[in-house]
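Here's the structure, in structure tokens; my notes come after.
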Amino acid sequence: MGVYGEYLNQPLARDFGLLTAERKKQLSRISQARGGRDVLVFAADISKAVPGISIEYGDLAPINDLLSGLTADKLDLILETPGGSGEVAEDIVRILHSKYKEVAVIVPGWAKSAGTLLTMAADEILMGPSSALGPIDAQLIWQGKRFSADALLEAFEKIKQEVQSTGNLNKAYIPMLQGISPGELQSAENALSFAKDLTREWLVQYKFKNWSTHQTDAVKVGQPVTLDDKRQRAEEIASKLGDHRKWLVHGRSINMQDLRDMRLLITDYSSNSELNDAILRYQALMQISFTSTNLYKIFETSNSQVLRFVAPNVPAPMMIGAPAGPMAVIPNAPGMAIFDVNCSCGTAIKVQANFGKKQPLQAGAIPYPKDDKIRCPKCGTEHNLAGAKRQLEAQTKQRVILN
């Protein structure tokens with residue numbers, strides 16, 4: 001039985017607090033196996049098609065927050081993502097390399113598109129037999145459909161060549177040509193260049209910084225590596241990763257051997273039994289955390305975490321005095337509402353919100369927090385109540401005040 005099945009048969013599969021504790025235990029094992037490096041997780045549940053699943057601007061705040069509590073000079077980033085904003089990936093790279101003298105990226109599962117781009121900025125890339133990156137060909141939304149920028153530009157180049165060779169424009173092309181402007185074509189070219197330019201720059205600056213002698217080129221083995229050598233190799237890799245004609249579809253998996261065939265040095269973490277076991281266990285725990293709850297994104301270290309859920313765990317507020325429903329309102333108690341915040345670990349936290357003036361705190365309840373946030377006493381998950389407060393204030397026409 002594999003580790004996934006092993007964990008499914010344990011109580012932690014049904015207890016989010018135990019699950020969280022076990023994830024952190026495995027992160028500590030990964031750190032120990034890697035010589036005490038800091039470990040940061042940036043992972044999304046790729047199977048959940050929800051807004052926010054991709055790399056986006058809102059990811060920068062939790063990453064910065066968790067990094068502030070880490071103290072080593074080297075970092076291992078565990079990355080699981082379907083992709084997202086290349087611009088945000090660029091910001092994340094700057095943040096990580098400004099704090100650490102060395103950054104490695106561990107890919108237990110998938111790091112596609114902008115995740116691949118981010119991986120190319122690592123000093124070391126660690127993958128296993130089941131790991132996969134993806135093409136970095138830019139994707140555009142045009143006329144309500146998603147296209148490869150490379151494929152779009154290729155199509156227009158073929159039309160151009162056909163017109164030049166025949167002197168005629170096929171009428172079938174007219175609707176398509178009318179639907180796109182020169183500016184949009186330029187945007188496609190810019191998007192295509194952006195990912196390749198960053199890949200070339202980052203490979204030379206980070207991945208190749210300690211590459212001093214040739215090891216695989218039969219003609220140059222043992223010879224010193226020049227800056228031009230690094231630039232040429234980076235150009236070859238960036239071109240292959242961004243070649244839509246080679247990969248055909250944006251979601252295509254590029255495995256460890258594919259990358260090695262590009263002459264990109266990849267560390268196979270499965271060759272280290274202790275590290276491999278810790279990574280496999282963390283990956284299994286992460287997947288169980290995703291599938292057993294409405295959790296869709298994890299930012300985590302061995303002693304802290306920021307978790308994002310598909311929907312708030314706070315039930316929709318009701319007006320004070322309304323019939324009992326998803327939010328339990330104390331009857332005959334004007335000026336207050338008490339509601340349960342239901343954590344994924346099964347814990348229910350009673351919160352008392354007061355209106356107009358302070359009210360006596362009811363038995364079993366905690367006062368509404370001044371920063372709109374409460375932390376589960378069992379598993380430590382943070383819940384933001386700002387949305388519930390806005391709804392309460394809108395319905396009651398009164399402000400929530402602090403007790």
Failed item, numbered, when Ala114 is tested on (1) open to solvent by 20 Å² or more (accessible area, probe 1.4 Å); (2) modelled with pLDDT of 75 or more: (1)
Scan the stretch 96-108 and tell me whether some residue there is of a type outside the set (A, V, I, L, M) and loosely packed, with under 14 Cβ neighbours inside 10 Å. yes
Asp76 vs. criteria touching a residue at least 60 places away in the same chain (Cβ under 8 Å) and of a type in the set (Asp, Glu): no
Across (1) touching a strand residue (DSSP E or B) at 6+ places or on another chain (Cβ under 7 Å); (2) exposed (fewer than 14 other Cβ atoms within 10 Å of the Cβ), Gln257 clears everything bar (1)
Which pairs have Cβ atoms under 7 Å, sit 6 or more apart or on different chains, and link a residue in the stretch 3-20 that is assigned to a helix (DSSP H, G or I) to one that is open to solvent by less than 90 Å² (accessible area, probe 1.4 Å) and charged (D, E, K, R)? Val3/Arg281; Leu12/Glu22
Ala337 versus (1) of a type in the set (A, V, I, L, M, F, W, C); (2) outside any loop (DSSP other than H, G, I, E, B); (3) in contact (Cβ under 8 Å) with a residue 24 or more places away in the chain; (4) closer than 29 Å to Tyr296 by Cα: which is the lone unmet condition? (4)
Taking into account only those residues within the stretch 340-354 that are of a type in the set (A, V, I, L, M, F, W, C) and assigned to a loop (DSSP other than H, G, I, E, B), which is surrounded by the most Cβ atoms within 10 Å (Cβ to Cβ)? Cys343
Determine if the stretch 5-12 includes at least one residue that is under 28 Å from Thr267 (Cβ atoms), open to solvent by less than 10 Å² (accessible area, probe 1.4 Å) and not small (Gly, Ala, Ser). yes
Condition check: farther than 30 Å from Asn303 by Cβ and at pLDDT below 70. Does Ala394 satisfy that? yes
Report yes if Pro326 is over 20 Å from the mean Cα position of the chain (by Cα) and at pLDDT below 80, otherwise no. yes
Of a type in the set (Ser, Thr, Tyr), over 25 Å from Ile288 (Cβ atoms) and surrounded by 14 or more Cβ atoms within 10 Å (Cβ to Cβ): is that true of Ser85 in this structure? yes
Kindly indicate whether any position in the stretch 355-363 is more than 27 Å from Ser54 (Cα to Cα), at pLDDT 80 or above and not in a loop (DSSP other than H, G, I, E, B). yes
Note on the stretch 26-73: residues polar (S, T, N, Q) and either free of Cβ contacts under 8 Å to residues at least 12 places away in the same chain or surrounded by fewer than 21 Cβ atoms within 10 Å (Cβ to Cβ) (or both) are Ser28, Ser31, Gln32, Ser47, Ser54, Asn64, Ser68, Thr71
So in the stretch 151-166, with the set limited to residues that are farther than 25 Å from Trp247 by Cβ and open to solvent by 60 Å² or more (accessible area, probe 1.4 Å), which one is modelled with the lowest pLDDT? Glu162
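The values are calculated or read from the model by the stated rules, or taken from the named source; none is laboratory data. Just so we're clear, the structure is a prediction, and the values are computed from it rather than from any experiment. With ideal geometry, Cβ positions are generated from the backbone for all residues, glycine too; neighbour counts draw on all protein chains shown. We work out accessible area using only protein heavy atoms, side chains counted, and drop any ligands, DNA or RNA first. Shrake-Rupley method; radii C 1.70, N 1.55, O 1.52, S 1.80 Å.
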